[in-house]
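Some notes on the structure that comes next.
The values are calculated or read from the model by the stated rules, or taken from the named source; none is laboratory data. The structure presented is a predicted model; accordingly, all values stated were derived computationally and were not measured. Cβ coordinates were reconstructed from backbone atoms using ideal geometry, including for glycine residues, and neighbour counts include every protein chain displayed.
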Amino acid sequence: MNIYKKMIDCALDSQKKAYTPYSNFKVGACVLTDSGKLYGGCNIENASYTPTVCAERVAIFKAVYNGEKKITKIAVVGKENSLTYPCGVCRQVIREFCSDDCEIIIIKNEQEYKIVKFSEILPYSFGPEDL
């Protein structure tokens with residue numbers, strides 16, 4: 001099984017675990033670290049909305065918690081048969097752990113997806129080297 005298929009399956013499985021009683025907009029994500037490990041994440045809502053956390057950040061934070069500091073790919077799935085891109089906050093978090101050539105896999109469904117480079121979705125980004 002190729003890595004894209006594994007990541008798509010991981011993101012779709014993670015999406016099923018989303019806690020979205022307010023928006024019912026379930027998002028799943030999967031990150032691949034440079035050590036070859038996969039980490040899934042789902043969005044988790046909160047009644048006061050601002051503490052809500054996106055799937056991409058859950059997956060990234062799980063990886064970081066486990067000692068990973070470099071992400072090579074991230075897959076994201078949202079509304080069925082639609083391309084759901086990471087929000088602005090997630091893009092900045094992705095930037096912390098991803099290089100400009102990191103692949104972002106935007107999943108439409110199990111068979112259809114689009115691959116873009118991180119620099120395409122957040123050009124001229126601000127990162128650790130800018131401090």
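If you go through segment 15-27 one residue at a time, do you hit one that is touching a residue at least 40 places away in the same chain (Cβ under 8 Å), more than 15 Å from residue 98 (Cα to Cα) and surrounded by 23 or more Cβ atoms within 10 Å (Cβ to Cβ)?
Restricting attention to segment 15-27, the residues satisfying the condition of being touching a residue at least 40 places away in the same chain (Cβ under 8 Å) are 15, 25-27.
Filter once more, keeping what is more than 15 Å from residue 98 (Cα to Cα): 15, 25-27.
Subsequent filtering for residues that are surrounded by 23 or more Cβ atoms within 10 Å (Cβ to Cβ) retains 15, 27.
The answer is yes, given that some residue of segment 15-27 is touching a residue at least 40 places away in the same chain (Cβ under 8 Å), more than 15 Å from residue 98 (Cα to Cα) and surrounded by 23 or more Cβ atoms within 10 Å (Cβ to Cβ).
The strands (runs of 3 or more DSSP E) found entirely in segment 34-131 that carry 3 or more residues being in contact with a Phe, Trp or Tyr (Cβ under 8 Å, 6 or more places away or on another chain) and surrounded by 12 or more Cβ atoms within 10 Å (Cβ to Cβ) are 71-77, 98-107.
In segment 75-107, the residue that is modelled with the highest pLDDT out of those that are charged (D, E, K, R) and in contact with a Lys or Arg (Cβ under 7 Å, 6 or more places away or on another chain) is 103. Evaluating residue 14 against the criteria (1) within 23 Å of residue 120 (Cβ to Cβ); (2) in a helix (DSSP H, G or I); (3) of a type in the set (S, T, N, Q) leaves one unmet condition, (1). Just so you know, in segment 29-57 the residues that are in contact (Cβ under 8 Å) with a residue 40 or more places away in the chain and in contact with a Gly (Cβ under 7 Å, 6 or more places away or on another chain) include one that is farthest from residue 114 (Cα to Cα), and it is 55. Checked against (1) farther than 17 Å from residue 34 by Cβ; (2) touching a residue at least 24 places away in the same chain (Cβ under 8 Å), residue 116 passes all but a single condition, namely (2).
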